[in-house]
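Here the structure is laid out as structure tokens; the discussion comes afterwards.
The values are calculated or read from the model by the stated rules, or taken from the named source; none is laboratory data. The structure presented is a predicted model; accordingly, all values stated were derived computationally and were not measured. So basically every Cβ, Gly included, is an ideal-geometry build from the backbone, and we count neighbours across all protein chains shown. Just the protein is used for accessible areas: all its heavy atoms, side chains included, with ligands, DNA and RNA removed. Shrake-Rupley method; radii C 1.70, N 1.55, O 1.52, S 1.80 Å.
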Amino acid sequence: MLNHLSIKNVAVIDKLDVDFHEGVSVLTGETGAGKSIIIDSINMILGDRANKELVRYGADKAVVQAVFDATADALDILAENDIDADDEQIIITRQITRDGKSVARVNGMAVTLNILRDISDSLINIHGQHDNQALLTPVKHTAFLDAYADNQEYINDYREILRKKREIEKRIASLEMDEQEKMQRIDLLEYQVNEIKKASLEKGEEDDLKEQREIYANAELITNCTREAYQNIYGGEEEQSAYDGISIAVNALSEISGLNPQIKAMYETLSGIMYQIEDTAHEIKEFSDSVEFDEQTLNDIEERLDLISRLKRKYGGSIENILDYLKKAESDLNDIKLSDEKTNELKEQLKSITDELTKKGNALSKRRREAASVLQKGIEEALRELNMEKAKFHVQIESGNDFYENGMDKVEFLISANPGEPLKPLVKIASGGELSRVMLAIKSILADTDGVDTLIFDEIDTGVSGKAAMSIAKKLSGIGKSKQVICITHLPQLTAAADNHYLIQKDTDGEMASTSLTELDDSGREQELARIIDGGEISELAINHAKEMLKNAHSEK
């Protein structure tokens, strides 16, 4: 359940904090008061892409925070991502900066938008007017049916096999080339393989060559410096070297080292230094003697580095990439040379995996047909409750031999809204009110299976009035007994039937507008309901009508 919503610096909203309750809550207000901004803000915590245009003018960032009671599914997702859930609460925070950067956090931990969507999808479901349009797109009907049938695991299995099938088909297509193209490809691959093999590249070779190049290119300087260093620390003949001086000091201290612990420690330290200098001097001497300027060797190194550079430009940015390319080229060459044999082998694999995919697709089709028979009965019952007593609803499933992304079926919802009319596609429905009720019927059925605790309806009542409006109010009230329902509405019937009522208002200080959201008491509810009834100025008659509607709604609960 959504317990608290905080919005700061989002479009016309300066700062907004609101607590939500159980049951059905309605949000009402004048056109342009900012209802869409509240929905945009909620969509931010659901993982919508960041839109820097939502940051309020003059502010550096926009922040939306929502506090939920965790669902079982949400807790599982948190555990999978090592996110703590103290008191089984989930706090989602989304921040968008003026330059469009976005940060999402769940219980204080930064998360990706994909993880945010997974978590929020298990907490809240939002229905907007665009969802009605989804009903008019048959390809979307499969998703509705699969959500009801809980088919996601079956779809994932099907898609994995479909992916393998497409990979095999791609490999077969690459092998089935004409003879001229085949020979050209063989010539190119053989040239590339031979060129790389001839180079006899080794990993790490380039760094070693560059190090050698530095030594040979600076051989004279290295020789002079190392000889000078050796002479000064060890090899001096005319002048005393560092080693000689320390050796004399060691001999002097050795005579008295047994007299005092501190003298002994100094003696041992100097002895160690003397041996280290001796070892280092020998290393310097050996290194100095090994360095000889050889112009031919330097030229050979430069040529080798130039070869590596050319191969890197052709086959990859490193020796490792070149060697990886070699493996692939050898594999491709082998496949082409054995293309007929390989093609036959792959075709056998394709036949086997196609049979497996067909079984998975048929199993998915069976689940859909079983679910469809139950779903259409449930939707017809829901439509009767929504003042469409004679409506007939049918889930049409056409199965074939084609493999689509979600199976082998084409699913389309058909409806007969009035007695005597044939079943026809939803796109043929002329009434927006009928479309809204069909969507509400579907949502009410799915609400029992999707595991979320909170449903938000953004103007579900579009195109509805009179008796149909009352039926929608009753239906949402029924859903509100087991789910938290939040509705943005213009319907007086739904407004009166709600358990909680919030008013959206936009005010201005003369310079900037600001939207607020206030929970109304009984008196406030009467005033706002009267405004909705009257459509503007609030008359005494409208006040009395509002009181009567609220009284009747209360008595029916």
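Is it the case that T137 is surrounded by fewer than 20 Cβ atoms within 10 Å (Cβ to Cβ) and over 30 Å from T354 (Cα atoms)?
no
Give A110, A74 a once-over and let me know the one that is of a type in the set (A, V, I, L, M, F, W, C), out of contact with any Leu (no Cβ under 8 Å at 6 or more places or on another chain) and either without any contact (Cβ under 8 Å) to a residue 60 or more places away in the chain or over 30 Å from E526 (Cα atoms) (or both).
Answer to the check: A110.
Please verify whether V250 is in a helix (DSSP H, G or I), in contact with an Asp or Glu (Cβ under 8 Å, 6 or more places away or on another chain) and in contact (Cβ under 8 Å) with a residue 24 or more places away in the chain, treating the condition exactly as stated.
no
If D87 passes every condition in (1) modelled with pLDDT of 90 or more; (2) over 27 Å from S36 (Cα atoms) but one, which one does it miss?
So D87 meets the others, but not (1).
If a residue must be open to solvent by 90 Å² or more (accessible area, probe 1.4 Å) and either within 20 Å of R304 (Cα to Cα) or part of a helix (DSSP H, G or I) (or both), how many such residues does the range 166-179 contain?
Going through the range 166-179 one residue at a time, the tally reaches 5.
It is to be established whether one or more residues within the range 428-439 are among the aliphatic types (A, V, I, L, M), open to solvent by 10 Å² or more (accessible area, probe 1.4 Å) and under 26 Å from D19 (Cβ atoms).
Restricting attention to the range 428-439, the residues satisfying the condition of being among the aliphatic types (A, V, I, L, M) are 429-430, 435, 438-439.
Filter once more, so that each one left must be open to solvent by 10 Å² or more (accessible area, probe 1.4 Å): 429-430, 435.
Then keep just the ones that are under 26 Å from D19 (Cβ atoms); that gives none.
No, because not a single residue in the range 428-439 is among the aliphatic types (A, V, I, L, M), open to solvent by 10 Å² or more (accessible area, probe 1.4 Å) and under 26 Å from D19 (Cβ atoms).
Scan the range 74-96 residue by residue and report those that are of a type outside the set (A, V, I, L, M, F, W, C) and surrounded by fewer than 16 Cβ atoms within 10 Å (Cβ to Cβ).
Scanning the range 74-96 gives D76, E80, N81, D82, D84, D86, D87, E88, Q89.
Return the residues of the range 39-71 that are part of a helix (DSSP H, G or I) and either in contact with a Leu (Cβ under 7 Å, 6 or more places away or on another chain) or of a type in the set (G, A, S) (or both); say none if nothing qualifies.
If we filter the range 39-71 for residues that are part of a helix (DSSP H, G or I), which is where we start, we get 39-45, 52-54.
D40, S41 - these are the residues of the range 39-71 that are part of a helix (DSSP H, G or I) and either in contact with a Leu (Cβ under 7 Å, 6 or more places away or on another chain) or of a type in the set (G, A, S) (or both).
Restricting to the range 218-247, and then to whatever is free of Cβ contacts under 8 Å to residues at least 24 places away in the same chain and in a helix (DSSP H, G or I), can you tell me which residue is farthest from D294 (Cα to Cα)? Talk me through it step by step, then tell me what you get.
From the range 218-247, those free of Cβ contacts under 8 Å to residues at least 24 places away in the same chain are 218, 221, 224-225, 228, 231-232, 236-241, 244-245; that's our starting set.
Among the residues that remain, those that are also in a helix (DSSP H, G or I) are: 221, 224-225, 228, 231-232, 244-245.
Values: L221: 14, N224: 16, C225: 18, E228: 22, Q231: 25, N232: 27, D244: 35, G245: 37 Å.
Among residues in the range 218-247 that are free of Cβ contacts under 8 Å to residues at least 24 places away in the same chain and in a helix (DSSP H, G or I), the one farthest from D294 (Cα to Cα) is G245.
Looking for whichever is of a type outside the set (V, I, T), part of a loop (DSSP other than H, G, I, E, B) and surrounded by fewer than 17 Cβ atoms within 10 Å (Cβ to Cβ) here; the options are K182, K203. Which one fits?
Of the residues listed, the single one that is of a type outside the set (V, I, T), part of a loop (DSSP other than H, G, I, E, B) and surrounded by fewer than 17 Cβ atoms within 10 Å (Cβ to Cβ) is K203.
Looking only at the range 376-412, count every residue that is closer than 15 Å to L423 by Cβ and either in contact (Cβ under 8 Å) with a residue 12 or more places away in the chain or of a type in the set (A, V, I, L, M) (or both) and tell me the total.
Kept after step one, since they are closer than 15 Å to L423 by Cβ, are these residues of the range 376-412: 376-377, 379-380, 383, 388, 390-398, 411-412.
Filter once more, keeping what is either in contact (Cβ under 8 Å) with a residue 12 or more places away in the chain or of a type in the set (A, V, I, L, M) (or both): 376, 379-380, 383, 388, 390-398, 411-412.
Selection size over the range 376-412: 16.
Give me a count of the residues in the range 249-258 that are over 14 Å from T269 (Cα atoms) and out of contact with any helix residue (DSSP H, G or I) (no Cβ under 8 Å at 6 or more places or on another chain).
Step one: list which residues in the range 249-258 are over 14 Å from T269 (Cα atoms), which gives 255-256, 258.
Right, trim to out of contact with any helix residue (DSSP H, G or I) (no Cβ under 8 Å at 6 or more places or on another chain) and you get 255.
The total comes to 1.
Within the range 503-541, track down each residue that is more than 21 Å from F20 (Cβ to Cβ) and among the charged types (D, E, K, R).
D507, D509, E511, E526, R531, D534, E537, E540
Given the criteria under 25 Å from V464 (Cα atoms), polar (S, T, N, Q) and over 37 Å from the mean Cα position of the chain (by Cα), does N544 qualify?
Considered against the rule, which asks whether it is under 25 Å from V464 (Cα atoms), polar (S, T, N, Q) and over 37 Å from the mean Cα position of the chain (by Cα), N544 comes out as yes.
Restricting the search to the range 397-417, which residues are open to solvent by 60 Å² or more (accessible area, probe 1.4 Å) and either in a strand (DSSP E or B) or within 30 Å of I472 (Cβ to Cβ) (or both)?
Once the filter is applied, which keeps residues that are open to solvent by 60 Å² or more (accessible area, probe 1.4 Å) and either in a strand (DSSP E or B) or within 30 Å of I472 (Cβ to Cβ) (or both), the range 397-417 yields E398, S399, N401, D402, Y404, K410.
What about G128, is it at pLDDT below 85 and closer than 20 Å to G47 by Cα?
yes
Which is crowded, with 19+ Cβ neighbours inside 10 Å, part of a loop (DSSP other than H, G, I, E, B) and either in contact with a strand residue (DSSP E or B) (Cβ under 9 Å, 6 or more places away or on another chain) or at pLDDT 90 or above (or both), of A104, A33?
Numbers: A104 fails: part of a loop (DSSP other than H, G, I, E, B).
Answer to the check: A33.
Quick test of your reading of the structure: A134 fulfils all but one of (1) within 30 Å of D86 (Cα to Cα); (2) part of a helix (DSSP H, G or I); (3) among the small types (G, A, S); (4) in contact with a Lys or Arg (Cβ under 6 Å, 6 or more places away or on another chain). Name the failing condition by number.
The number of the failed condition is (1).
Across the range 2-20, what is the total count of residues that are farther than 20 Å from I460 by Cα and in a loop (DSSP other than H, G, I, E, B)?
2
Any chance you could count how many residues in the range 390-416 are touching a Phe, Trp or Tyr at 6+ places or on another chain (Cβ under 7 Å) and either at positive phi or among the acidic types (D, E) (or both)?
1
Say we look at the range 216-253 and pick out the residues that are open to solvent by 50 Å² or more (accessible area, probe 1.4 Å) and of a type in the set (S, T, Y); which of these is modelled with the lowest pLDDT?
Among those that are open to solvent by 50 Å² or more (accessible area, probe 1.4 Å) and of a type in the set (S, T, Y), it is Y216.
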